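The values are calculated or read from the model by the stated rules, or taken from the named source; none is laboratory data. All of these numbers come straight from a predicted model, not from anything done at the bench. Every residue, glycine among them, receives a Cβ derived from its backbone with ideal geometry; neighbour counts consider all protein chains shown.
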Amino acid sequence: MLEELSEALGQEVQKLDLLQHGQIGGVYKASMDRCDYVVKHSDQPEKLSVEAKMLIDLYDAKIRVPEVVHSKGSFLVMEYIESAHQDRDTQEVKAAKLLSRLHSVSNESRMYGYYYDTTIGPFPQKNEQTQYNWTLFLGQMRIMPMAKLCYDEGKISKALLERLELLCRDLYKCIDMSRIYPSLLHGDVWSGNVLFDGQGACLIDPAIYYGDKEMELAFILLFNTFGETFFQTYQESYPLSNDFYDVKVPIYQIYPLLVHVALYGSGYRVQLEQTLKRIKI
């Protein structure tokens, strides 16, 4: 692997240190003469290619992500971000400013989804950009495909699948869409996917698409990624909608909960069922 990577980069890689086992392969720190890189290696090269495209799109949109150095075959090589210690409030302010800037990015078509299919962890995210209706997109392209995957793998029951179908059928009755427009979302903002260095916050492992920006905020609340300082700073740019906490949060947390049911099973299924009870489904 060391020789293969050196050949791909056209320079000698002196050392490879495993940082973590990712969802589709290993993540390494590659030490070179003059700099270090982060390297993802996978036997699913098509997923590495999609990740590279997402990172490049975010970089081109002036959103701080690691710069892609090389993407071909089983390797994705990126800029190495050297983390710097910062207090929690400083981190949350920087993250809020970066995410509010991300959410200011929209598209000319005003459609939900994206220009190509993306990924979240090891799973595909279908993004047919033919949908102007946010709740239809959320139900047909996010909740139900993941629910069916969970059902096919025996991780949710037929009864639970039918409850999710009922929810998706009536989503348009639940959410006020009058002020929703397509915002570019990172899609997977848990604490491990936001790095901090001297330049500020940096996003990694994107799962991008255009959706309601408050979908991102519900995800942040679900996994306690950030707290009060983040939300106070974020609302300087985008005040929360009136139905955010009571209506949107439980509905918007269903998709990431399904992703985690698919990944980890029963513990998240209990949380999913509790969330459905909260919205009386």
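Structure notes:
Condition check ((1) closer than 29 Å to Asp152 by Cβ; (2) assigned by TED's automatic domain parsing to the domain that holds Tyr132; (3) crowded, with 19+ Cβ neighbours inside 10 Å) across all residues:
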site: Glu216; (1), (2), (3): yes, yes, yes
site: Asn224; (1), (2), (3): no, yes, no
site: Glu228; (1), (2), (3): no, yes, no
site: Pro239; (1), (2), (3): no, yes, no
site: Tyr245; (1), (2), (3): no, yes, no
site: Lys248; (1), (2), (3): yes, yes, yes
site: Val261; (1), (2), (3): yes, yes, yes
site: Ser266; (1), (2), (3): yes, yes, no
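- Listed by first and then second residue, the pairs with beta-carbon distance under 7 Å, at least 6 apart or on different chains, first residue in the range 106-126 and within 15 Å of Asp188 (Cβ to Cβ), second among the small types (Gly, Ala, Ser) and surrounded by 13 or more Cβ atoms within 10 Å (Cβ to Cβ), are Thr118/Ala207; Thr119/Ala207; Ile120/Gly187; Ile120/Ala207; Phe123/Ala262; Gln125/Ala207.
- Residues in the range 164-193 that are within 24 Å of the chain's Cα centre (by Cα) and basic (Lys, Arg): Arg179 only.
- Gly139 vs. criteria assigned to a loop (DSSP other than H, G, I, E, B) and either modelled with pLDDT of 95 or more or β-branched (Val, Ile, Thr) (or both): no
- Checking the stated criteria, Ser31 turns out not to satisfy the condition of being of a type in the set (S, T, N, Q) and within 24 Å of Leu185 (Cβ to Cβ).
- The residue pairs whose first member lies in the range 141-154 and is under 11 Å from Val261 (Cβ atoms), whose second member is of a type in the set (Val, Ile, Thr) and buried (at least 17 other Cβ atoms within 10 Å of the Cβ), and whose beta carbons are closer than 8 Å, counting only pairs six or more residues apart or on different chains, are Met146/Val259; Ala147/Ile156; Cys150/Ile156; Cys150/Val261.
- Enumeration of residues in the range 162-197 that are basic (Lys, Arg), part of a helix (DSSP H, G or I) and within 30 Å of Val105 (Cα to Cα): Arg169, Lys173
- Test result for Glu3, surrounded by fewer than 14 Cβ atoms within 10 Å (Cβ to Cβ) and not in a helix (DSSP H, G or I): no
- Pairing residues of the range 11-34 that are within 15 Å of Gly192 (Cα to Cα) with residues that are in a loop (DSSP other than H, G, I, E, B) and at pLDDT 85 or above, at Cβ distances under 7 Å and at least 6 apart in sequence or on separate chains, gives Gln23/Gly121; Gln23/Pro122.
- Tyr28 being crowded, with 20+ Cβ neighbours inside 10 Å, among the aromatic types (Phe, Trp, Tyr) and not assigned by TED's automatic domain parsing to the domain that holds Lys148: yes
- The range 56-96, subset among the polar types (S, T, N, Q) and assigned to a loop (DSSP other than H, G, I, E, B), residue nearest to Leu203 (Cα to Cα): Ser83
- The residue that is surrounded by the fewest Cβ atoms within 10 Å (Cβ to Cβ), counting only those in the range 6-25 that are polar (S, T, N, Q) and within 19 Å of Val65 (Cβ to Cβ), is Gln20.
- Matching option when the condition is surrounded by fewer than 16 Cβ atoms within 10 Å (Cβ to Cβ), among the aliphatic types (A, V, I, L, M), on the phi < 0 side of the Ramachandran plot and assigned to a helix (DSSP H, G or I), among Ala147, Ala159: Ala159
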